[in-house]
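Heads up: the structure comes next, in structure tokens.
Only the coordinates and a few stated rules stand behind these numbers; no lab work does. Remember, it's a predicted structure, so these values are computed and weren't measured experimentally. Reconstructed Cβ throughout: ideal geometry from the backbone, glycine too, with neighbour counts over all protein chains shown.
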């Protein structure tokens, strides 16, 4: 068996666990919390609730809702300045992937200094981060349990991936009640992000027996619950299932890493500001077709996890069922199918492909991919 390591934060899961945010911050030694969130979370009322829980345990706080979808380098620089000027000593990320990415980036700069570009890549963070709590308001991004943050370099118009054990939050809070205030489109997009995490982790060359169990179970749960979660904000059974599936997929991908879908989605987010989950949903079936020859047996297992009937089929036929199941799920939840719907043109493809070929996520993809092959996948998804 290969040597591997496995990283995970303290996890608090369950309905109503948002109320533990103040107690959790207090346990980490916080006296004044810098809360990173966004306007959508504010409108839903979750910031007000979180602030009250901080007040209940006597903590001071400062709320920052500037980060936009696909947080930018200049945004996190401003957040760092506010954190230091406010005399804060702990950070809470309350939101979806963008808010949590921004919270992690602010944490890096607050104690390590420099520019966020200095930390692009793996293991470039040298000094400890402030105590960090992440609270997920969507079921998909997984940032509350991962060792990564993604920030847009506004000049290069690319998403920078920053990876470090330091970015694993001290505490992750997953309260399925928070999923009841997001609309069907965001539910669908974040759900497909979670499915992509699970599938890419399952076929990753860095997969381990631990990540396999988590990723496979996440695929099962998403396949059986995402449609219902998209259909109804009040279906709490589906919300709980998706919250758990997202958690499992996030832990799996944080440790097994990802693949070509994310390598290709990252530059799309930088160029077009395309929502990450939507990019994943469009690219996933195309990348699965490309990877098929490298992980046929794994895809056959994924087909079973997604509820496909594979008895009597060859391994190749069963593997193709997995791709069909993903396409059917995308169709059922109303996910967009073509990158051209977001303005992508042929003239963009070569530069996107060049950037994707350098993305760290590609290292663990099961099939090697050249710039030319990546360009062909983009064209297929156009």
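For this structure, a couple of remarks:
- When 118, 38, 73 are arranged by Cβ crowding within 10 Å, least crowded first, meaning fewest neighbours, the order is 118, 73, 38.
- Structure-based [θ]222 nm, the chain - -39500 (n - 2.57) summed over DSSP H runs of at least 4, per residue, nearest 500: -16500 deg cm²/dmol
- Separation between Cα centres of region 326-350 and region 39-54, rounded to whole Å: 33
- Extension gain, residue 156 to residue 372, is 75.6 nm, computed as 0.36 nm per intervening residue step minus the present C-alpha separation.
- Across region 274-308, the residues whose backbone nitrogen lies under 12 Å from the label position 7 Å along the beta-carbon direction of residue 315 are 293-301.
- The calculated FRET efficiency for the pair residue 350 and residue 184, based on their C-beta separation and a Förster distance of 22 Å, comes to about 0.05.
- Using a Förster distance of 35 Å, the FRET efficiency for residue 55-residue 210 (Cβ separation, nearest 0.05): 0.35
- Projected label distance in nm at residue 233 and residue 123, using a 7 Å step from Cα toward the beta-carbon: 4.6
- With R₀ set to 51 Å, the beta-carbon distance separating residue 62 from residue 293 gives a calculated FRET efficiency near 0.45.
- Span from the region 351-374 Cα centroid across to the region 175-236 one, whole angstrom: 25
- From the alpha carbon centroid of region 94-157 to that of region 287-316 is 34 Å.
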